[in-house]
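**Q** Below are the structure tokens for one structure; questions will follow.
The values are calculated or read from the model by the stated rules, or taken from the named source; none is laboratory data. Being a predicted model, the structure only gives us computed values, none of them experimental. With ideal geometry, Cβ positions are generated from the backbone for all residues, glycine too; neighbour counts draw on all protein chains shown. Each accessible area value is taken on the protein alone, full model and side chains, heavy atoms only, with ligands, DNA and RNA left out. Shrake-Rupley method; radii C 1.70, N 1.55, O 1.52, S 1.80 Å.
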Amino acid sequence: MRRSIVILLSVLLCLCLIIVLESCAQKPVESPPRKPIVGFSQLGSESGWRVGNTRDIIAAAERADLQLMYLNADQSQENQIKAIRSFIAYQVDVITLAPIVEDGWDTVLREAKDAGIPLLLTDRAISVSDETLYAGFIGSDFLEEGRRAGRFLLEKTRDMKRVRIVEISGTENSTPARERAIGFREVLDDDPRYEFIRSVNGDFLRSKGLECMENILKETTDIDVLYSHNDAMTLGAIEAIEAAGIAPGKDMIIITVDGEQGAIDLLKQGKINCVVECTPIIGDTVMALVKKLAAGEEIPRVTYSTERVFTEWDEDLQSIPPRGY
Ligand code: AHR
């Protein structure tokens, strides 16, 4: 009796073992699918806008469950080219590039294309001989931002006989600097009352905005308008304007672009007259496009952000929610 129980138990044990072995053989242990890897070359940290943009893109990649390789080029195109080459060597699935300037990308983008890695431009555009070197662009319509600034000025100066303008522009050969200048002039050009008395390069930096304005004010204080291509430079310029005993927003019309919290605060205080919004909060849209590219899908050639203009005439200025950058 005891012997037959032992035999029965042994048979049962063998059967269990066979079942376990079979199920293992049928279902190989599957490793979870690899998250797509996105390489992001950010151009620098020149402004509050840029810092906000970086923060937003990093957070969006996490929300989208993508692996992000982030490299900051510290204001150097050479560093951006190196970053793209390291993304290629690492065989990322998609490259996103916020290019500091428009020219000089052909060779490295050809390398990315030859490696079969799609490339998405974020924030700024580029000029290349072959448009198929990148998959698409997501960011602001800088030309329209310039026009919006111009339209505000037209309205604001309707009754003025002459309007002397100082322009502080952004980084040379960058899309926002080029297009914000063109769009602004497009609106004012037919009207002989508008005169650009100075147009200087402030490189999108607060320190340079201050320096440029200080230098200009040493030569002349007969200025009706400051049109500054970003808030960082505007805040610097306002420092110089106030130090010269001029009231910004009253003695001098101040028009700026971006919509950083600091600029909105000065708009509320009457020291800035118009803020043309340029939003850095594009991370979720960037990641949605990255996912499509990683899946081999087509994306639109151009995706523009929706933006608005804040002016001294707005009734709801006090209710503008915190900007987050
Ligand atoms: O490319 C966007 C511009 O770059 C923003 O206006 C500016 O603040 C940033 O440095």
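**Q** Among the residues of the stretch 25-62, write down those that are open to solvent by 50 Å² or more (accessible area, probe 1.4 Å), part of a helix (DSSP H, G or I) and either touching an Asp or Glu at 6+ places or on another chain (Cβ under 7 Å) or among the polar types (S, T, N, Q) (or both).
**A** GLN26
**Q** Quick check on GLY136: is it at pLDDT 95 or above and either open to solvent by 10 Å² or more (accessible area, probe 1.4 Å) or within 23 Å of GLY296 (Cα to Cα) (or both)?
**A** When the stated conditions are applied, GLY136 passes them.
**Q** Something else about it: Pull out all pairs, ordered by first then second residue, where Cβ-Cβ is under 8 Å, the residues are six or more apart or on different chains, the first lies in the stretch 30-50 and is touching a residue at least 24 places away in the same chain (Cβ under 8 Å) and among the basic types (Lys, Arg), and the second is part of a strand (DSSP E or B) and open to solvent by 20 Å² or more (accessible area, probe 1.4 Å).
**A** LYS35/GLN67
**Q** What strands (runs of 3 or more DSSP E) lie completely within the stretch 243-325 and have 1 or more residues being touching a Ser or Thr at 6+ places or on another chain (Cβ under 6 Å)?
**A** In the stretch 243-325, the matching strands (runs of 3 or more DSSP E) lie at 253-258, 274-277.
**Q** When you scan the stretch 234-244, do you find a residue that is modelled with pLDDT of 95 or more, more than 13 Å from the ligand (Cβ to nearest atom), surrounded by 14 or more Cβ atoms within 10 Å (Cβ to Cβ) and over 19 Å from GLU214 (Cβ atoms), even just one?
**A** Within the stretch 234-244, none of the residues are modelled with pLDDT of 95 or more, more than 13 Å from the ligand (Cβ to nearest atom), surrounded by 14 or more Cβ atoms within 10 Å (Cβ to Cβ) and over 19 Å from GLU214 (Cβ atoms).
**Q** Determine which single condition ALA125 fails, assuming it passes every other condition in (1) within 16 Å of the ligand (Cβ to nearest atom); (2) open to solvent by 20 Å² or more (accessible area, probe 1.4 Å); (3) on the phi > 0 side of the Ramachandran plot.
**A** It is condition (3) that ALA125 fails.
**Q** Take the stretch 269-305 and flag every residue that is open to solvent by 10 Å² or more (accessible area, probe 1.4 Å), under 13 Å from the mean Cα position of the chain (by Cα) and not aliphatic (A, V, I, L, M).
**A** GLU277, THR279, ASP284, THR285, THR303, TYR304, SER305
**Q** Give me the pairs: first residue in the stretch 214-232 and under 30 Å from THR279 (Cα atoms) and at pLDDT 95 or above, second residue within 16 Å of the ligand (Cβ to nearest atom) and among the β-branched types (Val, Ile, Thr), beta-carbon distance under 6 Å, and six or more apart or on different chains, which are they?
**A** These pairs meet every condition: LEU226/ILE254; TYR227/ILE255; SER228/ILE168; SER228/THR234; SER228/THR256; HIS229/VAL257; ASN230/VAL257; ASP231/THR256.
**Q** Is it the case, given these coordinates, that ARG148 is more than 16 Å from the ligand (Cβ to nearest atom), open to solvent by 10 Å² or more (accessible area, probe 1.4 Å) and under 24 Å from CYS212 (Cβ atoms)?
**A** Considered against the rule, which asks whether it is more than 16 Å from the ligand (Cβ to nearest atom), open to solvent by 10 Å² or more (accessible area, probe 1.4 Å) and under 24 Å from CYS212 (Cβ atoms), ARG148 comes out as no.
**Q** Search the stretch 282-300 for residues that are assigned by TED's automatic domain parsing to the domain that holds VAL51 and within 10 Å of LEU120 (Cβ to Cβ) and pair each with any residue that is of a type outside the set (Val, Ile, Thr) and open to solvent by 60 Å² or more (accessible area, probe 1.4 Å) when their beta-carbon atoms are under 6 Å apart and the residues are at least 6 apart or on different chains.
**A** ILE299/LYS292
**Q** Filter the stretch 181-230 for residues that are under 19 Å from ARG151 (Cβ atoms), within 16 Å of the ligand (Cβ to nearest atom) and surrounded by fewer than 16 Cβ atoms within 10 Å (Cβ to Cβ) and give the result.
**A** ILE182
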